[in-house]
Amino acid sequence: MADYEFLTTENLAGYIASKPELNSRINAGALVSVNEIGDGNLNLVFLAKDAEGRGMCLKQALPYVRMTGEGWPMTPDRARHEVESIQAHRALEPTLLPEIYLFDPGRHIIAMEDLSDHEVWRKALNRGEKHEGAAAAMGRYMGALAFGTSTFAMDREALSEAIARTQNPQLCVITEDLIFTEPVVSAGRNSVLPANEPDAADLSADPVMMRAMGQAKWYFMTHAEALIHGDLHTGSIMVRHPSDTWVCDSVKAFDSEFAFYGPVAFDIGILFANYIIAAARAYALREDDRAARCLGLIAQSWDAFEAEFRRRWPGRLDPRVWGDVFLEELIDRWGKESWLFAAAELARRTVGAAKTSDVQTLPDNLREGAARGDLQVARQLVREMDGDHSPARMAQIAASVLERCRTA
Ligand code: SR1
Ligand code: MG
């Protein structure tokens, strides 16, 4: 049983009214709507609107995983990790994350900016929408945090304090189990269509994949390079565009409760995999131009990541030892590691517990090929990552495999 009260649509107005930091931003006495809008796997999320059109989002961490219920306990301290990472990241890129109005550590509630004029990017991609600039914005975000929260920009004492404060073992264990172990060593949470059972069996019997997942898991658990988002898939990104253009005027990363000091390439690889999953949907629907557009997002994010990191590089704290040869090696290493993490995410979103709507909402006859394609891409990436590991090559591999595997 939780020792704190959960928010409900009934008690939310009273909660806002009780908090001076909130009741100047919205009229709690004249709310016209309060809706629970959470569609993620973990938390409660409410959106409140008042009669003047002002809105506010309140998110509450439950002491368990919402997706499964009380049988899977989960620390609600994840809300603190989310708030603190948003604040650290906003210090570097203020426009790319939501504004936080209040954090209530007793009830694990975050009150933040209403983003209801934005849309979850995954949903927009599922409809084939373009949202230009979103991939580059997220590349810039990843480049900013790769530099700004790392040893390149922070003095030793501040960095050590940040690493200690952001230890997030319970959430990291979810990632370690679900993303790296369970796709290849089932713990009873995996599921696929009957037609994909041989594909899942081939995946877990693949020694190259097994070795790669061991390597990825070890990197994840040992490479405390930067305060990463930790779950940067397209469902953790909100996008907005004006009515007369697809060029985004706002892009926000949210839901960073998995944040911790981890490998920079993890966020990059997760995002790349989700672009490939969006492309798998498009191929399944025989919308090949749209698929090519989804795969083009890989290079857009990578180029912006690299440009932002290079832009900040002259400000590194110790240029005596961190020279330009080291920079080239570092960027190349991150490029290669992103393939490893992308492979892990492709596999887990296909066979594991938290799947994606991109593929899950396809009719079974199309889903079969999309799922097979995602697994085959994963296995191809880990085989080719030691060679040309450019974004263009990743897109090429994904295009040919997904097209070949599509069904019906
Ligand atoms: C039990 S949590 C399952 C997944 O949901 C989150 O969005 C993360 O991706 C996590 O792995
Ligand atoms: Mg999430």
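The values are calculated or read from the model by the stated rules, or taken from the named source; none is laboratory data. The model shown is predicted, which means the values in this text are computed figures rather than measured ones. Don't worry about glycine lacking a Cβ; one is built from the backbone with ideal geometry, like all the others, and counts go over all protein chains shown. Protein only, heavy atoms only, side chains kept; ligands, DNA and RNA dropped before computing areas. Shrake-Rupley method; radii C 1.70, N 1.55, O 1.52, S 1.80 Å.
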inquiry  = I'd like to check something: does segment 90-99 contain any residue that is within 16 Å of ligand 1 (Cβ to nearest atom), in contact with a helix residue (DSSP H, G or I) (Cβ under 8 Å, 6 or more places away or on another chain) and not in a loop (DSSP other than H, G, I, E, B)?
reply    = no
task = Among the candidates F266, F326, single out the residue that is within 22 Å of the chain's Cα centre (by Cα), within 27 Å of W218 (Cβ to Cβ) and in the same structural domain as A371 (by TED's automatic domain parsing).
result = F266
query = Pick from I237, I277: which is farther than 30 Å from F103 by Cα, at pLDDT 95 or above and within 16 Å of ligand 2 (Cβ to nearest atom)?
reply = I277
query = Which one of the conditions (1) of a type in the set (S, T, N, Q); (2) open to solvent by less than 40 Å² (accessible area, probe 1.4 Å); (3) within 19 Å of L42 (Cβ to Cβ) does N126 fail to meet, given that it meets all the rest?
reply = (3)
ask   = Within segment 178-198, can you find the residues that are more than 16 Å from ligand 2 (Cβ to nearest atom), within 28 Å of A224 (Cβ to Cβ) and open to solvent by less than 50 Å² (accessible area, probe 1.4 Å)?
value = F180, T181, E182, P183, V184
request  = May I ask you to list the residues in segment 22-63 that are more than 15 Å from ligand 2 (Cβ to nearest atom) and under 21 Å from the mean Cα position of the chain (by Cα)?
outcome  = F46, L58
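Of the residues D318, D332, which is open to solvent by 40 Å² or more (accessible area, probe 1.4 Å) and at pLDDT 95 or above?
Values: D318 fails: open to solvent by 40 Å² or more (accessible area, probe 1.4 Å).
Among D318, D332, only D332 is open to solvent by 40 Å² or more (accessible area, probe 1.4 Å) and at pLDDT 95 or above.
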key: 3 or more residues assigned by TED's automatic domain parsing to the domain that holds F260, touching a Pro at 6+ places or on another chain (Cβ under 6 Å) and more than 16 Å from ligand 1 (Cβ to nearest atom): qualifying strands (runs of 3 or more DSSP E) within segment 1-88   = none
query = If you go through segment 54-96 one residue at a time, how many are among the basic types (K, R), modelled with pLDDT of 95 or more and open to solvent by 40 Å² or more (accessible area, probe 1.4 Å)?
reply = 3
note = Taking segment 374-394 and keeping only residues that are over 18 Å from I179 (Cα atoms) and either in contact with a Cys (Cβ under 9 Å, 6 or more places away or on another chain) or without any contact (Cβ under 8 Å) to a residue 12 or more places away in the chain (or both), one is left with G387, D388, R393
key: In segment 138-171, the residues that are in a helix (DSSP H, G or I), open to solvent by 10 Å² or more (accessible area, probe 1.4 Å) and in contact (Cβ under 8 Å) with a residue 60 or more places away in the chain   = R140, F147, G148, A162, I163, R165, Q170
request  = Give segment 256-301 a look and list any residue that's among the charged types (D, E, K, R) and crowded, with 24+ Cβ neighbours inside 10 Å, or say none.
outcome  = E257, D267, R281
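Considering each of A253, A216 in turn, give the residue that is touching a strand residue (DSSP E or B) at 6+ places or on another chain (Cβ under 6 Å), within 16 Å of ligand 1 (Cβ to nearest atom) and among the aliphatic types (A, V, I, L, M).
One residue alone meets the criteria, A253.
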message = So for segment 107-123 (the condition being without any contact (Cβ under 8 Å) to a residue 40 or more places away in the chain and open to solvent by 10 Å² or more (accessible area, probe 1.4 Å)), does at least one residue qualify?
response = no
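Taking the stated definitions as given, is P207 surrounded by fewer than 21 Cβ atoms within 10 Å (Cβ to Cβ) and over 24 Å from A279 (Cα atoms)?
yes
So which of D267, D358, D303, D324 is more than 23 Å from E93 (Cβ to Cβ), in contact (Cβ under 8 Å) with a residue 12 or more places away in the chain and not small (G, A, S)?
Unique residue meeting the criteria: D358.
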